[in-house]
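Below you'll find the structure, written out as structure tokens, and then a few comments.
The values are calculated or read from the model by the stated rules, or taken from the named source; none is laboratory data. As the structure is a prediction and not an experimental result, all values here were calculated from the model. Note: ideal-geometry Cβ built from the backbone for every residue, glycine included; neighbour counts use all protein chains shown. These area figures cover heavy atoms from the full protein model, side chains too; ligands, DNA and RNA do not enter into them. Shrake-Rupley method; radii C 1.70, N 1.55, O 1.52, S 1.80 Å.
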Amino acid sequence: MKLVFAGTPEVAVPALDALISSGRHEVAAVVTRPDAPAGRGRRLVASPVAERAMEAGIEVLRPLKPREPEFLERLREIGPDCCPVVAYGALLPRVALDVPIHGWVNLHFSLLPAWRGAAPVQHSVMAGDEITGASTFLIEEGLDSGPVYGTVTEEIRPTDTSGDLLTRLAFAGSGLLAATMDGIEDGTLKAVPQPGEGVTLAPKITVEDAKVEWSAPALRVDRVVRGCTPAPGAWTTFRGERLKLVQVTPVPERTELSPGEIAVGKNSVHVGTGSYAVELLWVQAQGKKPMRAADWARGVRIGADETLGA
């Protein structure tokens, strides 16, 4: 088939690579978000998908919005059979959805209908799910509600951050998306409507969502930290300033600390929660680079009555 691939961040690149190297389909163009300012100089930088497409000599389309007449005209000129999508980052209007014969097929990083929305991996980690996966589905105008072509499953490991899990899903999902394109082309794959039960939503995680509540159980604190790593980053406060929590681990044997209470050892920093303590392993103070929590504690000289999140 002739394909127009839509995607923007690094997590979409493995799927683009899989389609380019499949030898079965032609990636005629790529649709991505416009170049965005990045770095200290705030210079405009192409998206990871745009950079990969340019390396491969593929045409790159960067509409501000996918309903722009110039974009729609070019899309019709290309005449794609199908448009695979991975984390494109913009809503597709009906006028665009109707262009390809086989529609727009999205690779979504959850087992639909669970975790429909912008942050399925973060929510699955924060919810304590043991299994997640990826799904390919036909995009409709509803939120991730279209019929599903296929799925792959992935175990969530006890120490997984959302970044760790998303990396694995990006590579597992790339094979699923390529296989979905094959099945659509040869007519062996039919999309199945999603069940009405089991729908959960995964809206974008805000900075406020990433604030650690020390009155919550230790397992919840651990899940919030892992689910919000690398973005937006779990955090608490210390001496009125924000302290980013990069990595923690539960310490079930330590139950005497009250929520937010800090206990500094020779090479450890424990903090009380609503159940048992967690050990801070890596933290990042405002304006600083990430550092071992024990080194941070020695540097700030924590007083006996000081707490986190006060």
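Quick check on the stretch 169-184. Is at least one of its residues acidic (Asp, Glu) and crowded, with 16+ Cβ neighbours inside 10 Å?
The answer is no, given that none of the residues of the stretch 169-184 is acidic (Asp, Glu) and crowded, with 16+ Cβ neighbours inside 10 Å.
Please go through the stretch 139-182 and give me each residue that is more than 19 Å from PRO9 (Cα to Cα), in a loop (DSSP other than H, G, I, E, B) and of a type in the set (S, T, N, Q), ordered by number.
Matches in the stretch 139-182: SER145, THR159.
Being touching a strand residue (DSSP E or B) at 6+ places or on another chain (Cβ under 6 Å), in a loop (DSSP other than H, G, I, E, B) and not basic (Lys, Arg) is true for just one of GLY309, GLY287, GLY303. Which residue is that?
Working: GLY287 fails: touching a strand residue (DSSP E or B) at 6+ places or on another chain (Cβ under 6 Å); GLY303 fails: touching a strand residue (DSSP E or B) at 6+ places or on another chain (Cβ under 6 Å).
Of GLY309, GLY287, GLY303, the one residue that is touching a strand residue (DSSP E or B) at 6+ places or on another chain (Cβ under 6 Å), in a loop (DSSP other than H, G, I, E, B) and not basic (Lys, Arg) is GLY309.
When only residues in the stretch 203-221 that are assigned to a helix (DSSP H, G or I) and of a type outside the set (Val, Ile, Thr) count, which is least open to solvent (accessible area, probe 1.4 Å)?
The extreme case among them is ALA218.
In the stretch 2-28, which residue that is over 19 Å from HIS108 (Cα atoms) and touching a Lys or Arg at 6+ places or on another chain (Cβ under 8 Å) is surrounded by the most Cβ atoms within 10 Å (Cβ to Cβ)?
HIS25
Any chance you could count how many residues in the stretch 281-310 are in contact (Cβ under 8 Å) with a residue 40 or more places away in the chain and aliphatic (A, V, I, L, M)?
The qualifying residues number 6.
Considering only residues that are small (Gly, Ala, Ser) and open to solvent by less than 40 Å² (accessible area, probe 1.4 Å), which ones fall in the stretch 267-283?
SER268, GLY272, ALA277
Could you please tell me which pairs satisfy a Cβ distance under 6 Å, a separation of 6+ or placement on different chains, a first residue in the stretch 243-258 that is touching a residue at least 24 places away in the same chain (Cβ under 8 Å), and a second residue that is surrounded by 19 or more Cβ atoms within 10 Å (Cβ to Cβ) and outside any strand (DSSP E or B)?
Hits for this filter: LEU245/VAL225; LEU245/ALA234; VAL248/ASP222; VAL248/VAL225; PRO250/ALA218; PRO250/ASP222.
For the condition more than 12 Å from the chain's Cα centre (by Cα) and open to solvent by less than 20 Å² (accessible area, probe 1.4 Å), what is the one hit in THR200, THR136?
Going through THR200, THR136 in turn, the sole match is THR136.
Based on what the data block shows, is VAL31 in contact with a Cys (Cβ under 8 Å, 6 or more places away or on another chain), touching a residue at least 40 places away in the same chain (Cβ under 8 Å), under 25 Å from LEU138 (Cβ atoms) and open to solvent by less than 50 Å² (accessible area, probe 1.4 Å)? Can you show your working first?
Numbers: in contact with a Cys (Cβ under 8 Å, 6 or more places away or on another chain): yes; touching a residue at least 40 places away in the same chain (Cβ under 8 Å): yes; under 25 Å from LEU138 (Cβ atoms): yes; open to solvent by less than 50 Å² (accessible area, probe 1.4 Å): yes.
When the stated conditions are applied, VAL31 passes them.
Within the stretch 238-274, work out how many residues are within 25 Å of VAL207 (Cβ to Cβ) and outside any strand (DSSP E or B). Outline the logic, then answer.
First, pick out the residues of the stretch 238-274 that are within 25 Å of VAL207 (Cβ to Cβ): 238-250, 259-262, 269, 271-274.
Narrowing further to those that are outside any strand (DSSP E or B): 239-240, 260, 273-274.
Of the residues in the stretch 238-274, 5 are within 25 Å of VAL207 (Cβ to Cβ) and outside any strand (DSSP E or B).
So, restricting to helices (runs of 4 or more DSSP H) that lie completely within the stretch 42-116, which ones have at least 3 residues that are open to solvent by less than 20 Å² (accessible area, probe 1.4 Å) and over 25 Å from THR132 (Cβ atoms)?
Result: 69-78.
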